[in-house]
1. When the Karplus curve 6.51 cos²θ - 1.76 cosθ + 1.60 is applied with θ = phi - 60°, which whole-Hz ³J(HN,Hα) does each residue of region 217-224 get, with x for Gly and Pro?
2. Under a plain spin-label model, where a point goes 7 Å from the Cα along Cα-to-Cβ, how far apart in nm are residue 8 and residue 323?
3. I'd like the distance separating the alpha-carbon centroids of region 241-310 and region 206-232, in whole Å.
4. If r is the Cβ-Cβ distance from residue 399 to residue 135 and R0 is 45 Å, what FRET efficiency results, to the nearest 0.05?
5. Output the peptides 322-333, 199-210 sorted from most to least packed, where packing is the average of other Cβ atoms within 10 Å over each peptide's residues.
6. Could you quote the convex hull projected area for region 232-425, Cα atoms only and averaged over all directions, in nm²?
7. Dividing the convex hull volume of the alpha carbon atoms of the chain by its residue count, what do you get in Å³ per residue?
8. What is the spin-label model distance, in nm, from residue 179 to residue 430 if the labels are put 7 Å beyond Cα along the C-beta direction?
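Read the figures in this text as sums done on the coordinates, not as results from a lab. Everything quoted here is computed from the prediction, not taken from an experiment. Because the Cβ atoms are built from the backbone with ideal geometry, glycine has one as well, and the counts that use them run over all protein chains shown.
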Amino acid sequence: MAPTTEPDVHQARLANGVRVLVIRLPQLETACASVFVRTGSAHESRALNGISHVVEHMVFKGTATRDARRINVDAERLGAEVNAHTDKDHTAFHMRGLAADAPAFVSMLGDIVSGASFPAAELERERQVLLHECTEDEDDPVSTAFKLFDKACFGAHGAAQAVIGPRRNIERFSRDELVAWVGARYSGANLVVGVAGNVEPGALVRAAEAAFGGLASGQENRVEPARYLGGIASKRDAGSSQAHLVLGFPLPPLADDDYGGEVAAALFGEGMSSPLLDQIRERRGLAYYSACSADVLDVCGQFVIEASTGPKQIDELLTEVLRLLAAQAEAIDPLDLERARRQLAVRRLRDHERPHRRLEDAALDLMFLGRVRPAAERRERIEALGSGDLRAVFERMLAAGVSVALAGELPRAASERVREIIARSGYRVRLPQP
């Protein structure tokens, strides 16, 4: 198993295309083992939206050799934590426990990922759990705002679909559909098996070969990149007393290997001294919560500003956010840029010290970029971005057109009011075409 450009990171590839990634962390007594699969809501048709998330739940409900209780007992008798998640571009399954048990974790993950049996009775029980989760999601105005925002950004593309999927799909998914989805998507070309901890790389490759070597090679689950549209959407919720705003612009997808959006988001809205929080929260009291992030995935990227406020402050909040964005395209404060660089450097060091976070970052790099980006390369490229580069990032975003979503307690005709505020603001933010 050969090391990459970082001596503690080792990679191998099985004959069927499964990639094995091992990060040696000899200072730890525990280890994380994960399986990452290139399938998520962006890969789903509208009729199958939500199926990746249902599969994520159901693989723990039985395999050819173990029932749901045995799966839980086998992990818990080792003291291991078990978790999983689904995103727009991938699904992941995790175990963490003693480093000596890492090969067993790989074996157990292999059993559920490649041998899930999807018992019909378990599907009916888990369907009720998923419907409760769906109800919770529907009742959350923040989640509603983000779903509206994604639709405004990407329209009918899979990247705009919610991971959980619509209620009607959860209610009708059949066992046969789950089996077919896994058979088509869970193949060697779409899997990364990763382990981080005080482990021996060769032993983990052998464990991965035993657990995943029998999978069909398959083809990579590819989706056309999402085309950004831009738009305005709103949904009133009489049961809410607050208004929730999500506003943003397109960023390049992960394949572009571009750090500009990440630095721009940190500069604009990370930390209480950032322009967003300093002006919106500290000086004007326009929101009790506000944040900014760069969400960069395989098929799309989004520069996202979110804020929660009182209904009567929406107009002033939006006007001020637009002013602040336009100001960044005119001039970048050197102090803000230095702060953003340092905050990103410290955040990366914190992530580097969290084995599960470091493993996930490296595995997704390998899955979507074909390589693990070294920490030194990341630092150098972020440091190389100057004020002119950051102004250009903001200029491109403003020129692409804004997307705005509002949910919660809203005034009537909220979307029209947003459009009017943007039009009369006089700033460089372009209105999206109807």
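1. My calculation for region 217-224 gives 5, x, 10, 4, 6, 9, 10, 4 Hz in order.
2. According to this spin-label approximation, the distance is 4.7 nm.
3. 28 Å
4. Working: r = 40 Å, r/R0 = 0.89.
Efficiency computed from Cβ-Cβ geometry: 0.65.
5. Numbers: 322-333: 17.5, 199-210: 19.7.
Peptide ranking by packing, descending: 199-210, 322-333.
6. Values: hull surface 46.1 nm².
Hull-based average projected area comes out at 11.5 nm².
7. On the way: hull volume 61.3 nm³, N = 434.
In the chain, the Cα hull volume divided by residue count equals 141 Å³.
8. Distance between label points: 5.0 nm.
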